[in-house]
Structures are given as structure tokens and as C-alpha cells.
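The values are calculated or read from the model by the stated rules, or taken from the named source; none is laboratory data. Model, not experiment: these values are computed from the prediction. Methodologically, a virtual Cβ is constructed for each residue, glycine included, from the backbone with ideal geometry; neighbour enumeration extends over all protein chains shown. Note: accessible area is taken over every heavy atom of the protein model, side chains too, but ligands, DNA and RNA are not part of it. Shrake-Rupley method; radii C 1.70, N 1.55, O 1.52, S 1.80 Å.
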Amino acid sequence: MSGESRDSGPAQHWDPQRYNRNAGFVAELGAPLIDLLDPRPGERILDLGCGEGALTAKLVDAGAAVVGVDASPEQVAAARERGLDARVMDAETLDFDAEFDAVLSNAALHWMLDPDAVLRGVARALKPGGRFVAEMGGAGNVAAIVAALFAVLEARGLDPQSAFPWYFPTPEDYQGRLAAAGFAVSSIALIPRPTPLPGEMGGWLETFAESFLKQVPAGERPALIAEVTETLRPQLCDEEGRWSADYVRLRFAARLEAV
Ligand code: BEZ
């Protein structure tokens, strides 16, 4: 191993261009969530973890007044360039008070490791009776990718668990937390959804698995990515060379009970 530093900067960072290249499908696959939310013209809606705003823009197109929040200044800047009202905010310390008719969240809640703090903030942000509709990674999400990362890092004597950045709950776990935060749940389910990738597995790993990759020095990352990719090829790459990710979504709709 070289004397190069293992970690330079935050465990995960968001580059809007890299995200668009490797993860444009995230917003496209969020369309059913908008149907479930059923936004109405004039409603005030919070998009929690808005990223670069592709889904936020669809809510605006539906006639809603939308505020997007995200912890990444780079993603918020990209959302603002689309003309959206986007703000840098930590979802675990949301700063809104009974002002939204609905909260939407797509592919973001699994990055938030204190779910009860998030749910308290969402409940506080909603008007009584307000809707909370979201999709996130659920139990078993990207299990093959996680297993390959663990195997390759552990073979190098590293501790991948210490780099694990996600929370993938079961429906039972999340339903209990929603109820404790004051929500009545109308639907909640795990949805296995193998998801075709726009390119190679390496692009997905660079975009989403940065905290694991940063366990090795920058110069060793291409070899690490190649090894994880080859471990996954039999499971996640078809005969035509098309890659997919073994996503399992947790999708739910809930309503804040009036007190
Ligand atoms: C997801 O959307 O489920 C996901 C995205 C990146 C990393 C892990 C999970």
C-alpha cells in the first residue's frame, strides 16, 4: 500500500454532472411516486432530498408551489439553475413549521441515518392532515453490491461496516417509526425492482459507493472497482453486457393525523 492518504474530503460528495450521467434513471423511475402523491395546483409541497431537482420540476409542472431541500450545496446549485426554489438543509434538522400540504421524498431517506429525527421534522413541516409520500431503499436493497464490496474490502483487511452509509429498513420498522411520529400509514410495501444502469457498474460505484471506495488510497480505487465489478458480473450483467442494480424499494403513503 502506498503512503497516499485514504480519505480526502467527505465520505460521499455529489457532482451533478456525474450524477446525471450515472443516475438520471433515479428521477425517471420516481414518476409513480408523483402519481401516488397526486399533487394539486396551488398546493405547497416540500421535496425532501431534492438533488438536482428533476422530480421537483415535475411537481412544479403540476402547478404546486415547491420548496426543495438537500444537504449537497452542489446539487442545490444545479436545482437553482433550473429556476427552482432549492435550499441547502440537513434533513435531520428541518426548519419548517406547519406550512406544507405534502412532503415528497425519492431515493433520499436511506442516506439519513437518524430516521426518527427526519420524521419529527417532516411531521413539524406538515399542516395537520398533510401527506407524506416517499420511496427509499428498503431491506435487501443492493444486497449483491453490498456483499461484493464487503468481500473485496475484507480481503484487503479493511472494515467495510465502518463505511456503511445507508439505512434500508423493513416495512415493519419504518411503519412503527411513522406511527410514533404521528402518521397514519395508508400503504407501505417493499418492491423488488432490478434497475438497468446507463453504463457500467463502475459508474454506479463511483457515484453512490464513495464511502467504501475511500477506504483505499485514490491510486488503488480503479483496481478495487474492477474487482468489485468482476465479482458482480455473473449476477448483475447480462450476456449483452447490460448492467443492472439489485434495487429493492420501500414505498409508502402516510398522512399526519390531526391532533
Ligand atoms: C437507492 O436508491 O436505493 C440507492 C442509491 C444509492 C445507493 C444505495 C441505494
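Using the heavy atoms of the protein chains alone and a 1.4 angstrom probe, what is the accessible area of the chain per residue in square angstrom?
Values: 11350 Å² over 259 residues.
Counting only protein heavy atoms, the per-residue value for the chain is 44 Å².
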Return the equivalent ellipsoid semi-axes of segment 16-256 as a descending list in whole Å, where each equals the square root of 5 times an eigenvalue of the C-alpha gyration tensor. 32, 19, 17
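Need the full-extension length gain, Glu240 to Val185, defined as separation in residues times 0.36 nm minus the C-alpha distance. One decimal, nm. All intermediate terms of the calculation are to be shown ahead of the outcome.
Numbers: separation 55, 0.36 × 55 = 19.80 nm, distance 4.19 nm.
Stretched out fully, the Glu240 to Val185 stretch lengthens by 15.6 nm.
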So how tilted is helix 143-155 from the main axis of the chain? Cα-based, degrees 0 to 90, rounded to 10. 40
Lys and Arg at +1, Asp and Glu at -1: add these up for the other residues within a Cβ distance under 15 Å of Arg18 and post the number. -4
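For segment 196-259, state which GluC sites (Glu not before Pro) are in a DSSP loop and have at most 10 other beta carbons lying within 10 Å of their beta carbon. Working shown, then result.
Values: sites: Glu200, Glu206, Glu210, Glu220, Glu227, Glu230, Glu239, Glu240, Glu257; in loops: Glu200, Glu239, Glu240, Glu257.
Listed in order of number, the matching sites are Glu239, Glu240.
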Carbon and sulfur: what percent of the chain's accessible surface (1.4 Å probe)? 52
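So what is the calculated 222 nm ellipticity per residue for the chain, using -39500 (n - 2.57) for each DSSP H run with n of 4 or more, over all residues, to the nearest 500 deg cm²/dmol? All intermediate terms of the calculation are to be shown ahead of the outcome.
Details: 11 runs with 98 residues, N = 259.
My calculation for the chain gives -10500 deg cm²/dmol from helical runs alone.
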Against the longest alpha carbon principal axis of the chain, how many degrees, from 0 to 90 and to the nearest 10, is the axis of helix 115-125 turned? 30
